[in-house]
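The values are calculated or read from the model by the stated rules, or taken from the named source; none is laboratory data. Remember, it's a predicted structure, so these values are computed and weren't measured experimentally. Note that each Cβ is placed from the backbone with ideal geometry, even for glycine, and that neighbours are counted across all protein chains shown.
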Amino acid sequence: MNFSSIGNLHQSVKIAQMKELVDSQSSPRYPGTYDNDPMNITNRTDWKKIVPVPDKVKQDLINAVKETMEQNGGMRHANEEKDPIHRIKQTYLNSLPKSERLSASWTLTEIYRNEAQRLVDFVRVKDPSWDWGKPVKTEILEEVYKSPNVDIKV
Amino acid sequence: MYKRIYSFIVAIVMMFTLSVSVSVSAEDTTFMSDDTISIFATNYFSGSTGTMNSLYGNESTLFNISSGTTPSLAKVSGVTLNVNVSSGSAPFYLNVKHPDGSVVQHYITGTGNKSVTFDQFNHTDPYGTWKVSITTTGIVSTATARMTVNYTY
């Protein structure tokens, strides 16, 4: 073996090492953290559907919307620990297996949003100057709940 | 004669174009619900991560981005992340976690500034704490990101 072939061998090893380094940096070696997570919605839309939820949770949410309207003019609490809607949602979602949480979350959001829309529409008719964050006159809220007409069959 | 027909056709096309553009812009601002016209307003919140480092497939530190207070009718209309990838970084997954726990991964290659838009969270509730992280698919990846969540109400 002459010196030139040893030199070539050395060069080949170096190139192979560099190639391995480049490959390791460019081709996926590790999977994504959430590849198999049931709450991964990267390529899914099937979870955006209404599913049954307990009547008590629905009613608690509707009461929480009323409380939000009364206390903060329809604005959610700056501290999420103190936000009644968030608290009810999270408590219920955490009681479910991960595979059921997506659609349950979608359903709960639809329930309280429908109720919030109903209240906001009513308040705007009664007090056109009302805007988000502005206290709602007590008599207007009382009027809303005199004939509730709350649809909790969502 | 031909000139008159041509003018007539041009006038019809212009009227059609005008009516289409007006209806589109009207759709942007109002919608009908139970015989009530509601007007959409838009708003957003944003926040930045610190440096996210991911090694050997392990998830980086998760950074919290809070919505602060939002109207109770708020609905996500788009999520955008401006990501700055450090040189020498291997391709990685950018992970964005909604306050309700749903998560979206986006594969990012190359270095420098990237802009990524997600529509998977559209129509969900933006309220709460969002989490952003990265997971390298190689040896090491480093990035920072600024996330903006747009919503209507």
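Here are the numbers for this structure:
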quantity: Scan of the range B:120-133 for residues that are at the interface with chain A (Cβ under 9 Å from one of its Cβ atoms) and touching a residue at least 60 places away in the same chain (Cβ under 8 Å), ordered by number; calculated: B:Tyr127, B:Gly128, B:Thr129, B:Ser133
quantity: Qualifying positions in the range B:84-103 - at the interface with chain A (Cβ under 8 Å from one of its Cβ atoms), hydrophobic (A, V, I, L, M, F, W, C) and under 19 Å from the mean Cα position of the chain (by Cα); calculated: B:Val103
quantity: The range B:24-57, subset at pLDDT below 65 and among the polar types (S, T, N, Q), residue surrounded by the fewest Cβ atoms within 10 Å (Cβ to Cβ); calculated: B:Ser25
quantity: Sole residue being hydroxyl-bearing (Ser, Thr, Tyr) and touching a residue at least 40 places away in the same chain (Cβ under 8 Å), chosen from B:Thr144, B:Thr117, B:Thr109; calculated: B:Thr144
quantity: Odd one out for A:Lys66 among (1) within 9 Å of another protein chain (Cβ to nearest Cβ); (2) part of a helix (DSSP H, G or I); (3) modelled with pLDDT under 95; calculated: (1)
quantity: Matching residues in the range A:69-92 - criterion: being within 8 Å of chain B (Cβ to nearest Cβ) and small (Gly, Ala, Ser); calculated: A:Gly74, A:Ala78
quantity: Residue check for A:Ile111: under 14 Å from the mean Cα position of the chain (by Cα) and either assigned by TED's automatic domain parsing to the domain that holds A:Glu142 or not polar (S, T, N, Q) (or both); calculated: no
quantity: Where A:Gln71 falls short, out of the listed (1) closer than 22 Å to B:Thr129 by Cβ; (2) in a helix (DSSP H, G or I); (3) within 21 Å of the chain's Cα centre (by Cα); calculated: (3)
quantity: Which listed residue, of B:Val149, B:Val116, is under 20 Å from A:Thr42 (Cα atoms), more than 10 Å from every other protein chain (Cβ to nearest Cβ), surrounded by fewer than 20 Cβ atoms within 10 Å (Cβ to Cβ) and of a type in the set (A, V, I, L, M); calculated: B:Val116
